[in-house]
């Protein structure tokens, strides 16, 4: 089922060839929600892979990054176990990276048939960047470009760097409460409860989701500024987060793209917030230097931590429009030679 519509300009006139639809599609046997929007149905396809796992960012993308709809057909996918794609009937055993890659492959197939395009741009944020790497490695012929935002590289190395940052910052600030709690946690690897406790301090110290701390209530309020979101999204938000994080925790803790994804067959862009200590910014840059791709580019966001699309939306949108889009349209003319922009 779904709702079909078109986009209107500021004068209220329908834009020819535009697309604006919400629907539920069955992926891997589970109904999942997608929203598709673009001013030109023939534009390149961009699929957002949200973070978390379990944190649907559709509302934030629509609020801060809707300018991309002028240049791409943007697909906002709410992954299984998340928000309006959450259900008590989803088995925890189905929450695996392989299953998410399979779900995404079915979604890409649906988009290919719907718009008659072979390749899509994948833009993954945090956990979504890990899913994007996995898909790009498994199905390179379907990917026009991969954009890793706050790229996950090596889970254990990232957690250790994040932990050490919070300890060092607590010492620098003379925060005895933080030092006491962090010392009690000990160094990673540790369970999800310890990760969440450490992240609480990371947020306070400006290296977490946002460099300028904000609240979950504020983020949800901003998200609900998007007309596509409903009360149902709010009701299912926290159950989806808890279910997804816990179900995928063990497998996510073993992720190692540093060793297992060193070569890409499509253009790759890594976009990093310079203050990011959630997925360590320095580790992201080191991974970028390590990988090989037909075209690759790295971009620093100097006022951001883990969420450049929402902390510096204008700068982020300009990178997507001015840097990613031309490469997506023209990279086949490069002749297969590796380039670093």
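Is at least one residue of the range 156-173 assigned to a helix (DSSP H, G or I), over 30 Å from residue 259 (Cβ atoms) and modelled with pLDDT under 90? No, because not a single residue in the range 156-173 is assigned to a helix (DSSP H, G or I), over 30 Å from residue 259 (Cβ atoms) and modelled with pLDDT under 90.
Among the residues of the range 141-155, the ones that are assigned to a helix (DSSP H, G or I) and within 22 Å of residue 253 (Cα to Cα) come to 1 in all. Here 85, 93 are screened, and the one residue that is free of Cβ contacts under 8 Å to residues at least 40 places away in the same chain and either within 26 Å of residue 195 (Cβ to Cβ) or buried (at least 19 other Cβ atoms within 10 Å of the Cβ) (or both) is 93.
Residues are listed down the side, and each one gets a yes or a no for (1) modelled with pLDDT of 95 or more; (2) outside the structural domain of residue 249 (by TED's automatic domain parsing):
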| site | (1), (2) |
| --- | --- |
| 178 | yes, yes |
| 185 | yes, yes |
| 196 | no, yes |
| 214 | no, no |
| 219 | no, no |
| 223 | no, no |
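Taken together, 58, 35 contain a single residue that is farther than 29 Å from residue 250 by Cβ and either in contact with a helix residue (DSSP H, G or I) (Cβ under 8 Å, 6 or more places away or on another chain) or buried (at least 24 other Cβ atoms within 10 Å of the Cβ) (or both), which is 35.
The values are calculated or read from the model by the stated rules, or taken from the named source; none is laboratory data. Note that the coordinates shown come from a computational prediction; the quantities given were computed from them, not determined experimentally. Using ideal geometry, Cβ is built from the backbone for each residue, glycine included, and neighbour counts are taken over all protein chains shown.
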